[in-house]
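Data block below; observations after.
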Amino acid sequence: MTDKTSNQMWGGRFAAGPDAIMEAINASIGFDQRMAAQDIAGSRAHAAMLAKAGIITDSDAEAIREGLLTVLSEIDSGSFNFSTALEDIHMNVEARLKEIIGEPAGRLHTGRSRNDQVATDFKLWVRDQLDATDGALVALIKALLAQAEQGADWVMPGFTHLQTAQPVTWGHHMMAYVEMFGRDLSRIRDARKRMNESPLGAAALAGTSFPIDRDMTAEALGFDRPAANSLDAVADRDFALEFLGAASICAMHLSRLSEELVIWSSAQFRFVTLSDRFSTGSSIMPQKKNPDAAELIRAKVGRIFGANTGLMMVMKGLPLTYSKDMQEDKEQVFDAADNLMLALAAMEGMVKDMTGNRESLAAAAGSGFSTATDLADWCVRALNMPFRDAHHVTGSLVAMAESRGCDLPDLSLEDMQSVHCDITDDVFSVLTVENSVASRTSYGGTAPSQVRSQIARWKDILA
């Protein structure tokens with residue numbers, strides 16, 4: 001296909017083509033060629049509908065169908081010559097179709113506009129990304145479930161303010177991220193369901209006088225129904241914004257897990273060992289093993305958040321229906337989708353390959369007076385003490401242990417009775433981290449029995 005110096009698709013309204021600056025700012029083919037498959041799928045569905053409705057002949061429809069398959073083949077093989085003078089993927093495909101089949105190509109655009117065409121193509125592309133994200137999230141959740149199952153009873157410290165709070169289990173910590181990414185999965189599926197209405201046939205903004213069958217094209221393209229308002233159909237980019245919103249929350253979750261992996265893999269923590277596949281060395285310090293994949297995932301959030309904010313700013317002041325501003329809707333969505341998929345794949349790989357260091361986790365679990373809350377709870381249960389009083393007694397015992405450089409289980413019974421005379425030897429039964437986590441049997445708690453129950457629940461959900 002030869003490059004054109006002026007856009008013949010504009011017809012007779014314009015006497016000359018745009019100059020180089022206008023061509024550069026107006027053209028979107030440099031990025032929207034990614035929607036070629038969706039554009040051709042929409043055109044094939046539209047042509048088949050036009051023929052069935054008697055708007056074009058069966059022979060023209062067949063020529064269009066075969067010609068579009070040829071165009072798709074050229075694009076897939078890399079032999080297609082994309083022209084910036086033809087602005088976008090829609091006009092590039094139509095121009096090449098005309099070169100291949102001649103006059104019937106001109107009938108393809110009957111009953112539609114570039115406005116509903118681009119909305120349809122973009123929706124199809126975003127829908128494909130939602131499906132891809134769905135699959136990537138399921139894979140990541142399964143990797144986390146495998147880690148949780150392996151370490152359902154491994155003890156580790158739970159943190160608030162990054163300070164040791166109470167003992168938890170490794171499995172419970174992994175399952176916290178299962179819940180986060182499970183909500184992301186729910187948002188992705190919910191967004192897909194809501195966006196699955198076809199804009200095709202809304203035409204420029206008001207519908208068309210041709211007797212088209214929008215239900216037929218919607219069904220052919222896998223939509224649940226046609227969009228009910230032609231104005232909204234061409235002006236709507238909520239589907240892209242919802243994808244970016246869900247992607248942003250998911251990226252935030254990925255960043256939180258990345259931050260923990262960066263901390264946990266440090267020499268100071270040694271909670272996990274990341275595989276060589278997702279780490280790098282230092283150019284000058286031979287002992288270093290850097291968690292670069294986690295750090296890069298953490299940084300990807302900025303690009304995804306930026307895309308979300310960017311598209312919000314594009315759309316915020318636009319009157320109905322279409323404005324050329326909306327051409328700026330795609331690049332940031334494409335970039336966010338690419339980076340989200342890369343981050344999800346990298347995180348799945350890291351989680352599958354990482355090794356939890358059980359001994360280091362257990363050693364840290366008992367430090368920092370992590371069973372202090374268990375001591376206070378024991379005072380409430382065994383001594384019928386109001387919790388505020390129990391909190392005070394426990395605080396005094398923590399201060400005593402701290403002053404002696406030991407932990408709570410290292411205090412003697414006499415030490416404890418010096419703070420409160422009714423404390424008995426039974427108190428030591430709650431001061432081990434293993435007993436602490438085993439006692440947290442409330443629904444959603446850290447007890448291994450609860451962790452295994454939640455693992456089974458999620459396996460059922462994903463089955």
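Just a few scattered comments:
- Cβ-placed point charges (K, R +1; D, E -1), dipole of region 32-181 about Cα centre in debye, nearest 20: 200 debye
- Shown in residue order for region 319-325 are the 3J(HN,Hα) couplings computed by the Karplus curve 6.51 cos²θ - 1.76 cosθ + 1.60 at θ = phi - 60°: x, 5, 10, 8, 10, 5, 3 Hz (x for Gly and Pro).
- On Cα atoms only, tilt of 372-383 relative to the major axis of the chain in degrees: 60 degrees
- Between amide H atoms placed 1.01 Å from N, distances below 5 Å from ASN290 occur with THR280, GLY281, all of them 5 or more places distant or on a separate chain.
- For region 210-265, the fraction of 1.4 Å probe accessible surface lying on carbon and sulfur atoms is 49 percent.
- Alpha-carbon Debye profile of the chain, log10 I(q)/I(0) at 0.11, 0.12 Å⁻¹: -0.93, -1.03
- Largest-first ordering by accessible area, 1.4 Å probe, given options MET49, MET180, MET216: MET216, MET180, MET49
- For region 226-274 versus region 37-112, the spacing of their alpha-carbon centroids is 36 Å.
- Prolate/oblate/rounded call for region 71-110, Cα gyration tensor, a/c under 1.5 rounded: oblate
- Summary value for region 367-415: 36 percent relative contact order, contacts being C-alpha pairs under 8 angstrom separated by 6+ residues.
- Backbone amide hydrogens, once placed in the peptide plane, bring VAL272 within less than 5 Å of SER265, ASN357, excluding anything fewer than 5 places away on its chain.
- For VAL168, the residues whose amide H sits under 5 Å from its own are MET156, GLY158, ignoring neighbours fewer than 5 places away on the same chain, with H placed 1.01 Å from N.
- Gap separating the Cα centres of region 360-382 and region 393-444, nearest whole Å: 7 Å
- Summary value for region 307-410: 18 percent relative contact order, contacts being C-alpha pairs under 8 angstrom separated by 6+ residues.
- Applying the Karplus relation 6.51 cos²θ - 1.76 cosθ + 1.60 with θ = phi - 60° to region 243-260 yields 3J(HN,Hα) values of 4, 5, x, 5, 5, 5, 5, 4, 5, 5, 5, 4, 5, 5, 5, 4, 4, 5 Hz, where x marks Gly and Pro.
- Protein accessible area in region 339-463, 1.4 Å probe - carbon and sulfur %: 53 percent
- Solvent exposure of the chain amounts to 46 Å² per residue of accessible area, where only protein heavy atoms count and the probe is 1.4 Å.
- Straight-line cross-link reach from LYS123 at under 17 Å between alpha-carbon atoms covers these lysines, not counting any fewer than eight positions away in the same chain: LYS193, LYS330.
- At the residue level, GLU434 shows approximately 100 square angstrom of accessible surface with a 1.4 angstrom probe and all protein chains present.
- Working from Cα pairs under 8 Å separated by at least six residues, relative contact order for the chain is 16 percent.
- The local environment of ARG107, defined by Cβ-Cβ distances under 13 Å, has a net charge of -2 under the rule Lys, Arg +1 and Asp, Glu -1.
- Cross-link partners of LYS98 among aspartates and glutamates, defined as those whose alpha carbon lies under 18 angstrom from its own and excluding same-chain residues fewer than eight positions apart: ASP3, ASP39, ASP58, ASP60, GLU62, GLU66, GLU74, GLU87, ASP88.
- Reachable lysines from LYS352, criterion Cα separation under 23 angstrom, eight or more residues apart if same chain: LYS142, LYS288, LYS289, LYS300, LYS459
The values are calculated or read from the model by the stated rules, or taken from the named source; none is laboratory data. Model, not experiment: these values are computed from the prediction. Cβ sites come from the backbone with ideal geometry, for glycine too, and all protein chains shown count toward neighbours. Calculation scope for accessible area: heavy atoms of the full protein, side chains included, ligands and nucleic acids excluded. Shrake-Rupley method; radii C 1.70, N 1.55, O 1.52, S 1.80 Å.
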